[in-house]
Amino acid sequence: MRNALIAAWTRERLYAVLDHYLAALVARDPTKVDWAPMVRATENNVELAIGDGLWGTITGRGGYDLRFADCTTGQVGLFTTVHETQHDSAMALRIGVNGQDAITEVEMLIVRQVDEALVFPNPRFEPKPAFDGAIPIDKRMTGERLRAIADGYFSTLEQNDGQLFTRFHPDCERVENGVQTTNNPDFPLVNAHLGCEEQFRMGYYRYDDRLRGRRFPLIDEERGLVFAHGFIDHCGRLAHYKLTDGTEIESHIRRPHSFYMSELFRIEEGAIRQIEANFITVPYHMPSPWDGITGHRP
């Protein structure tokens, strides 16, 4: 159990590891990183050798810096943007360290919209006050309870029929790939003008057949944050369906399709207050290299 463990890291110590990694990444020099003897590293759900992928193409990093840490398990995470010569891309990053602060795990998700069929218009990467600040000590929840609330979000999204398996704060907002997709009438989805809870009660996401491979490797109990990874599978068989208000609509995904995602939840008093998500298209039903991965020597 998480609450039976004694924290071995401090937030400052984990953030220092993150900053050192980012400096080496921007310098394109993986030899500047303190790697553990064996390392697990992926980019966009593919296991890569240390120094491959973004290490060879990055030309800078943007100013967006949403960071968080799990001082119990030695995990640190970040939402930011990266430059690759002509293009800027959203990036979600998770790093795991050992007791000597050497990096044992790196998981990166880079939303290169130039490669995506689903392009989110006019992304904006700005600070979100809802993610800031610590939860008052008397209102903090255990990691297990925070995880259950985040997992309930995925269960609500899976085969969405209007039932809720989690709680939403009245002011809940969601940002996906840099674009707000709640309370945003300009976003091109029929339910985008609604808030989080209203969208799910509407049952719009019926075409999301599976929310599989759910992982919750980083839980920042002090700030009420859960960082999760997983996949959304669409079988593509659903043609038409009714929303809970009786409106008939046509599914816009009519082919086998999968998203790989990294998602951050802020949870306050047992309810989801803010969501930040990055996701990309991957081959249908693609497995996770984090299932059974053994790691490699840097």
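The values are calculated or read from the model by the stated rules, or taken from the named source; none is laboratory data. Owing to the predicted nature of the structure, the values given are computational and were not obtained by experimental measurement. Virtual Cβ from ideal backbone geometry, glycine too; neighbours counted across all protein chains shown. Areas reflect the complete protein model, heavy atoms only, side chains present, ligands, DNA and RNA absent. Shrake-Rupley method; radii C 1.70, N 1.55, O 1.52, S 1.80 Å.
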Of (1) within 30 Å of Gln113 (Cα to Cα); (2) surrounded by 15 or more Cβ atoms within 10 Å (Cβ to Cβ); (3) within 20 Å of the chain's Cα centre (by Cα), Thr166 fails just (1)
Matching residues in segment 212-245 (open to solvent by 40 Å² or more (accessible area, probe 1.4 Å) and not basic (Lys, Arg)) number 6
Taking segment 81-92 and keeping only residues that are without any contact (Cβ under 8 Å) to a residue 40 or more places away in the chain and closer than 11 Å to Asn278 by Cα, one is left with Ser89
Exercise. Return yes or no: is Ile135 in contact with a strand residue (DSSP E or B) (Cβ under 9 Å, 6 or more places away or on another chain), of a type in the set (Val, Ile, Thr), open to solvent by less than 80 Å² (accessible area, probe 1.4 Å) and under 26 Å from Thr72 (Cα atoms)?
Key: yes
*asked:* Quick check on Asp52: is it touching a strand residue (DSSP E or B) at 6+ places or on another chain (Cβ under 9 Å), among the acidic types (Asp, Glu), in contact (Cβ under 8 Å) with a residue 12 or more places away in the chain and surrounded by fewer than 19 Cβ atoms within 10 Å (Cβ to Cβ)?
replied: no
Residue count, segment 123-132, condition in contact with a strand residue (DSSP E or B) (Cβ under 7 Å, 6 or more places away or on another chain) and not basic (Lys, Arg), comes to 4
Of the conditions (1) in contact (Cβ under 8 Å) with a residue 40 or more places away in the chain; (2) open to solvent by less than 30 Å² (accessible area, probe 1.4 Å); (3) more than 18 Å from Glu47 (Cα to Cα), the single one that Ile110 does not satisfy is (3)
Residue pairs qualifying under the 7 Å Cβ cut-off, at least six apart or on distinct chains, with the first in segment 166-179 being aromatic (Phe, Trp, Tyr) and the second being in a strand (DSSP E or B) and surrounded by 19 or more Cβ atoms within 10 Å (Cβ to Cβ), are Phe168/Ile272
Heads up, the strands (runs of 3 or more DSSP E) in segment 28-146 (entirely inside) with at least 1 residues that are in contact with a Pro (Cβ under 7 Å, 6 or more places away or on another chain) and farther than 21 Å from Ala228 by Cα are 35-43
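Per-residue answers, yes or no, for (1) within 21 Å of Tyr15 (Cα to Cα); (2) open to solvent by less than 40 Å² (accessible area, probe 1.4 Å); (3) not hydroxyl-bearing (Ser, Thr, Tyr):
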| site | (1), (2), (3) |
| --- | --- |
| Asn44 | no, yes, yes |
| Gly56 | no, no, yes |
| Leu66 | yes, yes, yes |
| Cys71 | yes, yes, yes |
| Asp88 | no, no, yes |
| Pro121 | no, no, yes |
**Prompt:** Quick one: is Glu126 among the charged types (D, E, K, R) and surrounded by 13 or more Cβ atoms within 10 Å (Cβ to Cβ)?
**Reply:** no
Note to self: Condition first: outside any loop (DSSP other than H, G, I, E, B) and surrounded by fewer than 16 Cβ atoms within 10 Å (Cβ to Cβ). Can you find one or more residues in segment 254-261 that meet it?
What the structure shows: no
Taking first residues from segment 265-287 that are at positive phi and second residues anywhere that are among the small types (Gly, Ala, Ser), the pairs with Cβ under 7 Å that are 6 or more apart or on different chains are His285/Ser258
